[in-house]
Amino acid sequence: MKQKRDLLSLVEFSPEEIRAILTRAKEFKRSRLHKERKIFSNKTGVLIFEKPSLRTRITFETAIHELGGHAITLTSDMVGIGKRESAEDVARNLERWVHLIVARTYSHSTVEQLAEYSSIPVINALTDTFHPCQALAFAMTLDEYYGGKKKKKIVFIGDSNNVCNSIMVLCAKLGLDFTVACPPGYEPAPQVLNMAAAIAVKSGAHLAVSHDPAGALAGATALYTDVWTSMGQEKESEKRAKDFAAFQVNKKLMALAPADAVVSHCLPAHRGEEITSDVLDSERSIAFDEAENRLHVQKAVIDLLFS
Ligand code: CP
Ligand code: NVA
């Protein structure tokens with residue numbers, strides 16, 4: 001029997017597979033609602049959300065529907081992983097009924113356990129540590145703007161969070177240079193940085209950590225930012241607002257970047273905090289295109305996992 005695959009951190013996909021996902025996603029985008037191969041026909045996917053979501057829930061439900069399948073969305077109070085029932089038992093039940101688990105959890109180990117104890121594919125829909133689908137949508141959107149050829153340097157301004165980690169892993173895989181500019185004390189966790197660095201050795205990507213947003217922008221192709229306080233960190237929000245004050249992506253910072261550099265954000269944005277509205281709504285912003293591309297890229301991920 002074919003070994004099932006999961007998408008937990010992007011580390012499990014080769015650069016060739018990531019490029020194939022991006023190519024397939026562009027095909028899905030072009031052929032939307034007609035000529036789509038019904039690769040998920042008569043199949044059911046369960047979406048489990050321990051945290052709120054707009055984009056991820058809508059794009060996965062829509063992707064599954066448009067691929068011919070059926071989606072069931074459950075919130076954490078309905079399932080209670082680790083409270084009502086262990087992740088292992090949740091996984092061992094779900095595999096008996098459905099074909100795919102898409103899970104947004106606090107602890108990354110929860111999606112790892114769901115994957116370990118079920119015989120069906122598990123897709124990480126965001127954990128405290130990684131958000132691989134977002135990184136893939138970003139890569140697809142960058143390709144749309146610059147094509148595959150340009151040597152790219154991505155600069156993440158702000159917190160070394162789940163989205164930052166996944167973009168770093170993506171860059172390491174694809175050989176794109178990556179710098180995170182963050183306040184002291186908010187650097188990527190050493191194990192994530194070391195893992196990305198080991199991958200980067202193979203692709204030739206240059207990874208760097210900086211505390212100087214303006215200095216980091218030299219040669220940037222794209223800037224990326226995200227909220228200063230991620231879901232689950234709400235108690236720290238006052239302290240973080242102070243610590244990140246000098247890391248806002250605003251017009252002044254954009255003026256220091258190369259003139260053709262674009263800017264993105266995974267959304268939801270806290271306008272006036274990590275990014276100003278004049279930047280998010282500017283012609284240089286690709287954030288809403290990236291949000292759209294979540295739909296197409298997630299179809300391509302499902303395609304890879306089920307073909
Ligand atoms: N970017 C993203 O994952 O959005 P949601 O939290 O709304 O799903
Ligand atoms: N870093 C953010 C991303 C939201 C899509 C969070 O985890 O809340």
**OP:** Assign unit charges at the C-beta atoms only (+1 for Lys and Arg, -1 for Asp and Glu), then state the dipole size of region 108-157 relative to its Cα centre in Debye, rounded to the nearest 20.
**Re:** 520
**OP:** Work out the P(r) tail for region 1-122: percent of alpha carbon pairs separated by more than 23 Å, whole number.
**Re:** 34
Subject >> Estimated FRET transfer efficiency when R0 is 30 angstrom, pair Ala241-Ser107 (beta carbons, to 0.05) >> reply: 0.75
Original post:
Using a probe of 1.4 angstrom, how much of the accessible area of region 148-307 is carbon and sulfur, in percent?
Top reply: 56
Subject >> Simple Cβ-charge dipole of region 1-84, Lys/Arg +1 and Asp/Glu -1, about Cα centre, in debye nearest 20 >> reply: 260
**OP:** Could you pull out the trypsin sites (Lys or Arg not before Pro) across region 22-81 that fall in loop regions by DSSP (anything but H, G, I, E, B) with no more than 12 other Cβ atoms inside 10 Å?
**Re:** Lys35, Lys38
Original post:
Can you give the calculated 222 nm mean residue ellipticity of the chain, where each DSSP H run of n ≥ 4 adds -39,500 (n - 2.57) and the sum is split over every residue, rounded to the nearest 500 deg cm²/dmol?
Top reply: -13000 deg cm²/dmol
**OP:** Can you work out the PRE-style zone for Lys202? Point 7 Å along Cα to Cβ, and I want the residues of region 120-137 with backbone N under 16 Å.
**Re:** none
Original post:
Excluding ligands, DNA and RNA, what is the solvent-accessible area per residue of region 217-307 at a probe of 1.4 Å, expressed in Å²?
Top reply: 42
Subject >> Farthest toward positive dipole pole in the chain [+1 Lys/Arg, -1 Asp/Glu at C-beta], among Ser31, Gly204, Ser9 >> reply: Ser31
Subject >> FRET E, pair Leu54, Ser31, Förster distance 22 Å, beta-carbon r, rounded to 0.05 >> reply: 0.30
Original post:
Translational D (Stokes-Einstein, µm²/s) of region 78-139 at 10 °C and 1.306 mPa s when Rh comes from the Kirkwood sum over C-alpha pairs?
Top reply: 133
Original post:
For His211 and Ser277, what is the calculated FRET efficiency with R₀ set at 41 Å and r taken between the beta-carbons, to the nearest 0.05?
Top reply: 0.95
**OP:** Hey, can you find the accessible area per residue of region 2-82 for me, probe 1.4 Å, expressed in square angstrom?
**Re:** 52
Original post:
Taking the Cα-to-Cβ direction at Lys83 and at Phe288 and moving 7 Å from each Cα, how far apart do the two end points lie in nm?
Top reply: 3.7
Subject >> lysines with Cα under 25 Å of Lys153, excluding same-chain neighbours fewer than 8 positions away >> reply: Lys26, Lys173, Lys202, Lys251, Lys252
**OP:** Find out how many positive minus negative residues lie around Leu47, taking Lys and Arg as positive, Asp and Glu as negative, among other residues whose Cβ is under 14 Å from that of Leu47.
**Re:** +4
Original post:
Going by the alpha-carbon gyration tensor, a ≥ b ≥ c the square roots of its eigenvalues, is region 1-62 rounded (a/c under 1.5) or, if a/c is not under 1.5, prolate (a/b greater than b/c) versus oblate?
Top reply: rounded
Original post:
Where in the chain are the helices, taken as whole DSSP H runs, whose Cα atoms extend 15 angstrom or more along the long axis and whose Kyte-Doolittle mean reaches at least 0.0?
Top reply: 132-146, 162-174, 190-203, 287-306
Subject >> Proximal charge balance of Arg271 [Cβ under 11 Å; K/R count +1, D/E count -1] >> reply: -4
Original post:
Rounded, prolate or oblate: which fits region 194-307, taking a ≥ b ≥ c as square roots of the Cα gyration tensor eigenvalues, rounded meaning a/c under 1.5, else prolate when a/b beats b/c?
Top reply: rounded
Original post:
Projected onto the charge dipole of region 231-307 (+1 at Lys/Arg Cβ, -1 at Asp/Glu Cβ, origin at the Cα centre), which of Ala291, Ser264, Leu253 gives the Cα projection farthest towards the positive end?
Top reply: Leu253
Original post:
What size of dipole, in debye to the nearest 20, comes out for the chain about its Cα centre when the only charges are +1 on Lys and Arg C-beta atoms and -1 on Asp and Glu C-beta atoms?
Top reply: 920
**OP:** Calculate the translational D of the chain in whole µm² s⁻¹ from Stokes-Einstein, where the hydrodynamic radius comes from the Kirkwood formula applied to all Cα pairs, the temperature is 20 °C and the viscosity 1.002 mPa s.
**Re:** 109
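The values are calculated or read from the model by the stated rules, or taken from the named source; none is laboratory data. Just so you know, these numbers come straight off a predicted model, no measurement behind them. Glycine gets a Cβ as well: all are built from the backbone with ideal geometry, and neighbour counts include every protein chain shown. Note: areas computed on protein heavy atoms with side chains; ligands, DNA, RNA excluded. Shrake-Rupley method; radii C 1.70, N 1.55, O 1.52, S 1.80 Å.
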